[in-house]
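Novice: Sharing a structure with you now.
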Amino acid sequence: AGLEWLARQFDHVPFVRAMLRYEETNPVAQMANSLRLAGLPGLILGVLAVGIAAPVGEEMLFRGFAYNALAKRFGAGVGVVVSALLFAAPHTYSPIGLTVIVLMGVGLAHVYRVSGSLWTVILIHAVNNTAQIVAAFFGR
């Protein structure tokens with residue numbers, strides 16, 4: 001939301017305007033609209049799938065496997081950055097979203113590196129995703 005607000009300050013720039021239009025029609029925005037149309041079952045399904053299942057699977061893959069393998073071979077810094085980029089790859093819906101996802105990936109990898117706990121990053125990721133599903137469902 002903060003990056004979107006910042007981008008709207010430059011709405012007069014054609015590229016920024018196009019990026020903001022795309023942001024409204026990207027797959028995540030479309031999913032949010034579908035959840036609202038499905039009512040309470042849509043909210044429950046969204047929380048179960050995006051709020052719980054996705055964070056568990058993604059953290060196991062991107063932190064538990066990718067970060068550990070990369071850090072062991074190339075060092076913690078490379079592990080943090082490359083696992084964050086790998087995390088961002090399937091989440092790339094728009095330029096604004098990409099920026100947020102890369103930063104989130106770096107943050108999650110760093111927290112995992114410091115805490116050593118996969119459950120900590122799963123919880124952080126789950127709270128983030130669930131908050132976004134709830135916000136999207138209720139129309140922000």
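Novice: How many residues are of a type outside the set (S, T, N, Q), within 20 Å of G39 (Cβ to Cβ) and either assigned to a helix (DSSP H, G or I) or free of Cβ contacts under 8 Å to residues at least 60 places away in the same chain (or both) if we restrict to the stretch 125-140?
Specialist: 7
Novice: Could you grab me the full set of residues in the stretch 107-124 that are farther than 16 Å from A84 by Cα and either outside any loop (DSSP other than H, G, I, E, B) or open to solvent by 50 Å² or more (accessible area, probe 1.4 Å) (or both)?
Specialist: S115, G116, W119, T120, L123
Novice: Picking from S83, S94, which residue would you name as being within 25 Å of Y22 (Cβ to Cβ) and small (G, A, S)?
Specialist: Just one listed residue meets the conditions, S94.
Novice: Please state which one of L43, L20, L6, L37 is of a type outside the set (D, E) and under 20 Å from I124 (Cα atoms).
Specialist: L43
Novice: Considering only the stretch 89-106, how many residues are under 19 Å from G51 (Cα atoms), in a helix (DSSP H, G or I) and among the β-branched types (V, I, T)?
Specialist: Within the stretch 89-106, residues that are under 19 Å from G51 (Cα atoms), in a helix (DSSP H, G or I) and among the β-branched types (V, I, T) number 3.
Novice: Give me the pairs, please: first residue somewhere in the stretch 64-90 and free of Cβ contacts under 8 Å to residues at least 24 places away in the same chain and farther than 15 Å from V114 by Cβ, second residue anywhere and among the β-branched types (V, I, T) and open to solvent by 20 Å² or more (accessible area, probe 1.4 Å), beta-carbon distance under 6 Å, and either six or more positions apart or on two chains.
Specialist: From the stretch 64-90, the pairs are L70/V78; L70/V82; A88/I101; A88/V102.
Novice: So V56 passes all but one of these: (1) at pLDDT below 95; (2) part of a helix (DSSP H, G or I). Which condition number does it fail?
Specialist: Every listed condition holds for V56 apart from (1).
Novice: For P95, which of the numbered conditions (1) more than 18 Å from A32 (Cα to Cα); (2) modelled with pLDDT of 95 or more fails to hold?
Specialist: Unmet condition: (2).
Novice: With L61, L45 as the choices, which residue is open to solvent by 70 Å² or more (accessible area, probe 1.4 Å), in a helix (DSSP H, G or I), over 13 Å from Q132 (Cα atoms) and modelled with pLDDT of 95 or more?
Specialist: Selected residue: L61, the only one of L61, L45 that is open to solvent by 70 Å² or more (accessible area, probe 1.4 Å), in a helix (DSSP H, G or I), over 13 Å from Q132 (Cα atoms) and modelled with pLDDT of 95 or more.
Novice: Something else now. Within the stretch 83-106, restricting attention to residues that are among the β-branched types (V, I, T) and open to solvent by less than 50 Å² (accessible area, probe 1.4 Å), which residue is nearest to the chain's Cα centre (by Cα)?
Specialist: Among those residues, the one meeting the criterion is I101.
The values are calculated or read from the model by the stated rules, or taken from the named source; none is laboratory data. Just so it is clear, the model here is predicted, and its values are computed rather than measured. Neighbour counts are summed over all protein chains in view; Cβ atoms, including those assigned to glycine, are modelled from backbone coordinates with ideal geometry. Note: areas computed on protein heavy atoms with side chains; ligands, DNA, RNA excluded. Shrake-Rupley method; radii C 1.70, N 1.55, O 1.52, S 1.80 Å.
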